[in-house]
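Please treat every number below as a calculation from the coordinates, not as lab data. Here the structure is a predicted model, which is why all the values come from computation and not from measurement. Cβ atoms come from the backbone with ideal geometry, glycine included; neighbour counts cover every protein chain shown.
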Amino acid sequence: MKSRKPLVFVLLCTVLCLFLCAFAFAEGYTVEEDGSKWYDDGHIEWADGTVTQAVNHDQGQTYDSDSGSGSISSGSGTVKNEDGSMTVITGEEDPMAGAKKNADGSIEVESGTGGVDIEVEPTRAPLEGEEWQAALDSVAARNGKDTPTVWIDPADGTPVSVEVIYMGIGRSMILVDGQKKLVNTSELKWETEAPEDKVLAVVRSRYVWMYKSPSKKITVLKFKQIYRDSVVRVLATGKNWTFVDHEGDRAYVVTSGLEFYANDHTDTELGYLSLNGKIKGKGKIQVRDFETRGIIRDYQPGTPVTVFDFLEDYAEIDVGGYHCVVNLNCLTLERSLVSASE
């Protein structure tokens, strides 16, 4: 009869091997035939004790622990720094010697042979609280904090310093002696370097970011959005950047996102948003984007609007700082109210 000891020995070895492999997987690595350990996070512990932090084995991009912290043994790769930022290093033949991604989302580039210019949009969220105020203070230090505004009273031509609540292409809301007043925008004057046909603008893209400096540098900070159809005052124009005032905040926006207007619109009508023909009561009336007819926001019946034109089922209006449209069924002209009362 043949001995079963070799068979038992083989079975024991198999079980032991499976146990070791299971233990290795539980630890997050695979043991190769040469005794090296390939970890799930990408680094390799070789049989001789050296360690390689692998970035992409298929492309030969590896980081060796014995060549210094974060150094590259071949190819190219990305190093995560202690502060959470990322440094991207490329080969010598690449025109960019390296690029560093900062913790705030911006990227700094050091050009190598035949350097290149790149633009990277910052990915950080809009600032709030103290950071937001610090950003505004920075803009103020660079460009001045306020946009002094004068209203020329049409009754007697007297100039009066006023606070602007919101701007419109045709009419704007101002604060005079503590009282809100809807006046012709053409009666308002402010210091601007913009040409006469570009002193007002409407955002026509989905939104534009406000920047603290007119620069395409990748370290530029974005800190506020101005949404579609919003009216802004133009303080200075440029091919790529326009300096604007929006709700008292002064900053730069991309010129391509704006449609410009002169401050000479007087052929308008005053009206009110209405619900079922009524300008009083509760309810929500939707005003819509000038181009897409998408909803911008809701207003209450009785909200004053400035009417420019009639476009089939819609009217082109100013309302609450937006230049947009509203369905004709939700609009009552002031002249209609006057006629009804006579």
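Here are some notes:
- Exposure proxy order (Cβ contacts within 10 Å, fewest to most) of V254, V164: V254, V164
- Amide H contacts for F310 (H built 1.01 Å from N in the peptide plane; partners 5 or more residues away or on another chain; cut-off under 5 Å): E316.
- Applying 1/(1 + (r/R0)^6) with R0 = 30 Å to the Cβ-Cβ distance of F260 and K284 gives a FRET efficiency near 0.40.
- With each label modelled as a point 7 angstrom along the Cα→C-beta vector, the S161-F310 pair spans 4.5 nm.
- Estimated inter-spin distance, D153 and E247, nm [label 7 Å along Cα→Cβ]: 3.1
- Cα centroid separation - the range 268-342 against the range 173-207, whole Å: 20
- Each of F243, F310, F260 was scored by other Cβ atoms within 10 Å of its Cβ. Arranged with the fewest first, they read F310, F260, F243.
- Pairs from K198/K239; K145/K212; K181/K284; K145/K189 whose Cα-Cα separation, in the structure shown, is over 19 Å: K181/K284
- Per-residue HN-Hα couplings for the range 244-259 [Karplus 6.51, -1.76, 1.60; θ = phi - 60°; Hz; x = Gly/Pro]: 10, 10, 10, 6, x, 9, 10, 6, 9, 10, 5, 5, 5, x, 10, 10
- Shown is the FRET efficiency for L333 and E130, computed with R0 = 41 Å from the Cβ-Cβ distance and rounded to the nearest 0.05: 0.30.
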